[in-house]
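**Q** Right, I'll just put the structure down here and ask away after.
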Amino acid sequence: MSVNISGSIKDRFGAVKDAFAANFNRGEDVGASVAVVMGDELVVDLWGGSLDRAGKEPWRQDTLINVYSTTKTMSCLSLLVLAGRGLVDVDAPVAKYWPEFAQNGKGNVLVRHLLSHTAGVPAWEQRIAPIDLYDWDKVTSLLATQSTWWEPGWKSGYHAVTQGNLVGEVVRRVDGRSVGRFFRDEIALPMGAEFHIGVPPELDSRVAKVIPAPPLVFGSGDGSKSPDRDSIPYRAANPRLVAEQSWEIPWRRAEIPAAGGHGNARGVALAQAAVSHGGVLRGVRLLPEATINRIFDVQAAGRDLVLGIGVTFGVGYGLNSPKNPISPNARVCYWGGWGGSLVVNDVDAGFTFAYVMNRMGEGTVGDDRAHTILRAIYKSLA
């Protein structure tokens with residue numbers, strides 16, 4: 001399927017445009033955008049395809065889409081900004097900032113455990129409904145009262161939804177603003193990045209609907225036997241999300257800082273690019289160098305207790321690993337979202353890459369459509 005690709009690109013990155021177009025030509029993408037920020041400049045800013053499989057309405061320059069767990073990089077970055085300002089110590093107990101969180105023996109959970117999926121609170125112990133995510137006070141209060149599922153810091157176990165509430169509540173306790181408001185005021189607006197943790201009504205006409213993937217269920221097994229309902233992966237699928245929920249206006253309005261962010265590739269890349277640019281983008285300092293260095297302090301490496309795959313986590317991001325490389329460079333931090341979105345900060349090469357799309361694949365934290373484009377970036381740089 002031939003699709004018109006719109007936008008701008010520097011000459012040396014022609015291979016990136018070709019890789020982006022190839023995803024459409026193979027029928028893997030319906031509508032998508034891709035961006036690369038390098039040297040304070042958008043060297044790649046492309047979009048193409050349509051909002052639906054029928055191709056009736058084109059994907060536009062300002063189209064917004066739910067990017068699921070790519071949102072985590074925004075909420076974690078918000079907390080790192082506070083850390084960089086000396087307002088949060090990532091080695092301090094969470095209870096220093098959120099006293100109620102110490103209940104049921106959680107006084108030994110540190111802020112960096114929240115940022116690295118090692119806190120042992122990967123889901124709610126009490127069964128909740130997906131719509132409960134619209135009630136911030138309810139879900140954070142439940143997290144404060146429950147106990148950990150393993151010794152904090154022992155291993156990672158992907159906090160698929162809870163990480164956003166845990167990190168976001170620390171931001172709120174320290175700053176007074178919600179994480180969505182803090183992100184907007186302190187990161188999105190200064191960086192000129194259109195990304196929203198909580199979409200205002202005036203933008204509804206620009207929001208595309210995802211084309212759903214199968215329901216997100218961890219620990220469902222390979223189909224040959226019933227899942228172990230007592231296992232960590234099975235228990236971690238709480239609430240059990242379906243992609244169609246993101247079509248709901250309440251989902252769009254709510255601050256769901258692990259999964260509910262809306263943006264385009266340009267906005268994702270601009271919001272994150274200070275990480276790959278020494279903490280400064282377009283003359284605005286967001287992070288000190290020491291905070292960027294702290295991102296690469298490995299917190300867990302090995303088989304994740306929830307995802308069941310090998311992952312290396314630093315402070316706030318997944319890290320490049322020789323066993324599971326996404327880059328030829330060492331100082332690379334990243335994360336992706338359910339269905340295929342991805343953001344990569346390559347500190348060594350000095351660029352940030354982002355890809356978002358509407359047709360969801362089956363990957364929990366990204367898939368090969370984005371990685372094909374990422375490989376083309378490295379080819380262009382070589």
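**Q** Please go through the stretch 92-137 and give me each residue that is more than 19 Å from E151 (Cα to Cα) and either modelled with pLDDT under 95 or of a type in the set (F, W, Y) (or both), ordered by number.
**A** Scanning the stretch 92-137 gives Y97, W98, Y134, W136.
**Q** What residue, of G318, G308, G302, G339, is surrounded by 20 or more Cβ atoms within 10 Å (Cβ to Cβ) and on the phi > 0 side of the Ramachandran plot? Write out each step before concluding.
**A** On the way: G318 fails: on the phi > 0 side of the Ramachandran plot; G308 fails: surrounded by 20 or more Cβ atoms within 10 Å (Cβ to Cβ); G302 fails: surrounded by 20 or more Cβ atoms within 10 Å (Cβ to Cβ).
Residue meeting the stated conditions: G339.
**Q** Taking the options G180, G168, G198, G120, name whichever one is out of contact with any Leu (no Cβ under 6 Å at 6 or more places or on another chain) and surrounded by fewer than 22 Cβ atoms within 10 Å (Cβ to Cβ).
**A** Residue meeting the stated conditions: G198.
**Q** Working only within the stretch 244-261, note down all residues that are in contact with a Lys or Arg (Cβ under 7 Å, 6 or more places away or on another chain) and either of a type in the set (S, T, Y) or not in a loop (DSSP other than H, G, I, E, B) (or both).
**A** Initial filter on the stretch 244-261 (in contact with a Lys or Arg (Cβ under 7 Å, 6 or more places away or on another chain)): 247, 258.
Once the filter is applied, which keeps residues that are in contact with a Lys or Arg (Cβ under 7 Å, 6 or more places away or on another chain) and either of a type in the set (S, T, Y) or not in a loop (DSSP other than H, G, I, E, B) (or both), the stretch 244-261 yields only W247.
**Q** Now a separate question. Select from the stretch 62-93 the residues that are assigned to a helix (DSSP H, G or I) and touching a strand residue (DSSP E or B) at 6+ places or on another chain (Cβ under 7 Å) and write down the one among them that is surrounded by the fewest Cβ atoms within 10 Å (Cβ to Cβ).
**A** Within the stretch 62-93, the match that is surrounded by the fewest Cβ atoms within 10 Å (Cβ to Cβ) is S69.
**Q** From the set of residues in the stretch 183-195 that are touching a residue at least 12 places away in the same chain (Cβ under 8 Å) and in a helix (DSSP H, G or I), which is surrounded by the most Cβ atoms within 10 Å (Cβ to Cβ)?
**A** My answer is F183.
**Q** Same structure, new question: Regarding A102, is this residue free of Cβ contacts under 8 Å to residues at least 12 places away in the same chain, in contact with a helix residue (DSSP H, G or I) (Cβ under 8 Å, 6 or more places away or on another chain) and surrounded by fewer than 18 Cβ atoms within 10 Å (Cβ to Cβ)?
**A** Numbers: free of Cβ contacts under 8 Å to residues at least 12 places away in the same chain: yes; in contact with a helix residue (DSSP H, G or I) (Cβ under 8 Å, 6 or more places away or on another chain): yes; surrounded by fewer than 18 Cβ atoms within 10 Å (Cβ to Cβ): yes.
Yes, satisfied.
**Q** While we're looking at this one, here's another question. If you scan the stretch 293-321, which residues turn out to be out of contact with any strand residue (DSSP E or B) (no Cβ under 9 Å at 6 or more places or on another chain) and part of a helix (DSSP H, G or I)?
**A** Those that are out of contact with any strand residue (DSSP E or B) (no Cβ under 9 Å at 6 or more places or on another chain) and part of a helix (DSSP H, G or I): N293, R294.
**Q** Okay, moving on. How many residues are of a type in the set (D, E, K, R) and within 15 Å of Q245 (Cβ to Cβ) when one looks only at the stretch 113-146?
**A** So the count comes out to 2.
The values are calculated or read from the model by the stated rules, or taken from the named source; none is laboratory data. This one's a predicted model, so the numbers in the text were calculated from it and none came from an experiment. Positions of Cβ are backbone-derived with ideal geometry, glycine not excepted, and every protein chain shown enters the neighbour counts.
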